[in-house]
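Nothing in this text is a laboratory measurement; each read-out follows from the coordinates by a stated rule. Keep in mind that this is a model prediction, so the values were computed, not measured. Quick reminder, even Gly has a Cβ in these numbers, built from the backbone with ideal geometry, and neighbours come from all protein chains shown.
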Amino acid sequence: MSKPVPSLLVMMHELLSERSVSSTSPEWDSGNLAVINKLADWLGSLGFNCQIMPLPGKANKANLIATLGTGSGGLVLSGHTDTVPYNESRWDMNPLALTERDNKLFGLGATDMKGFFPIAIEAAKSVLDRTLTEPLIILATADEESSMDGARALVEQGMPKARFAVIGEPTSLMPIRMHKGMMMEAVTVEGRAGHSSDPSLGNNALEAMHVVMGDILAFRGELQQQYNNPLFDVAVPTLNLGCIHGGDNPNRICGQCELHFDLRALPGMNNDELHAALDQRLKPLAQQLNINISLRALIKNIQPFEQSADSELVKVAEQLTGHTAEPVAFATEAPFLQQLGMQTVVMGPGSIDQAHQPNEYMALNQVQPAIDLFTRLIGKFCL
């Protein structure tokens, strides 16, 4: 007999009240164990077998795999436990609490995506007195908003094992079957500083970077000629020159310059191959300019994601929602779950338009339809 868990709104309030910011800035970054422990306590009381899996090298962060039933197939309902940083002075209410107002549920993570977990738990309650033919797994990950190290750790560990996965990111309950990848790269040009009155005394890194930038933009043009997917609003891969730093004074020949850019690849492209191709085309430039040029990744890349339109999960998601599966512009943990052998779609309550900003909220009218949708998915794949 399962123990009672708090109501949906109480669960959401308790999850929002636990700070679990994930950030590349150490002053902002915090652990997620309080959220993981709450989820494990609630799911354990409902009869789930809960595995808390600490992230390697991160003592205050963990993933949770909560499993109901046994078998090699089944369904994973997946969400991340971390949020982005926040500026409390820009909020009209306490970001670390649930505020219900104007038929909206406000709070940091309400839609992206702590609010997903109470909804998934409510859906799971519908089968507690049933015998599952395939397992139901609720997966909670760490660090999605920064490094995706939680999802990467799962791939390394080869867990969880299931046939289908639904990531409950905010899509207004529309099924998503593809998104672009993400790379953030740095090109460093090492020249030789000297007095500006005599150019022969140095080798200007800024001038060399001008040539490098031209070549990178030519690379972008080639990619956009070669790759196109009209299903995306921006149908071509994009490469954005984001920031540049170099030199220290007008009367000194610039000795070093660094350019940061991001590249968003379409499904069917491979980030590692793109990095290697760009690295190879920069080498002759270094020889031509007699200067050192190096390329490095600023973050671990996220591969493009695509689930086949004729896959069973996509067809079921389209049937249950009445909507054709679409692409989105934002990246998710979907490529990692796909690597684990699962058919994967992204589909959850709330709108991405409300994420990553003050006064984040989930519309109240998303909650019950989401419970109903997840309940039907569980019925389809676990009973």
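Things to note:
- Alpha-carbon centroid distance for the pair segment 326-364 / segment 142-176, whole angstrom: 9 Å
- Neighbour counts of other Cβ atoms within 10 Å put His323, His13 in the fewest-to-most order His323, His13.
- Cα gyration tensor, segment 11-134 - rounded (a/c under 1.5), prolate or oblate: oblate
- For segment 60-66, Karplus couplings with θ = phi - 60° (6.51, -1.76, 1.60), whole Hz, Gly/Pro x: 9, 9, 7, 9, 10, 10, 10
- Given (i) 1.00; (ii) 1.12; (iii) 1.22, the label whose value is Cα Rg over 2.2 N^0.38 Å derived from this model: (ii)
- Taking Val211, Val10, Val166, Val21 and counting other C-beta atoms within 10 Å, the order from fewest to most: Val10, Val211, Val21, Val166
- Segment 183-297, Rg to Rh (Cα coordinates; Rh as Kirkwood inverse mean 1/r): 1.06
- Under 23 Å of direct C-alpha separation, and excluding same-chain neighbours fewer than eight residues apart, Lys125 reaches these lysines: Lys3, Lys38, Lys114, Lys161, Lys380.
- Euclidean distance of C-alpha centroids, segment 294-321 and segment 1-73, integer Å: 24 Å
- Magnitude of the charge dipole, segment 183-297, Cβ model with Lys/Arg +1 and Asp/Glu -1, debye to 20: 120 debye
- Pair Lys3, Asp262: separation of 7 Å Cα→Cβ label points (nm): 4.3 nm
- Against the main long axis of the alpha-carbon atoms of the chain, helix 367-382 sits at an angle near 80°.
- Remark: relative contact order (segment 183-297) = 40 percent; criterion is Cα-Cα distance under 8 angstrom and separation of 6 or more residues.
- Relative contact order [Cα under 8 Å, 6+ residues apart], the chain, whole percent: 23 percent
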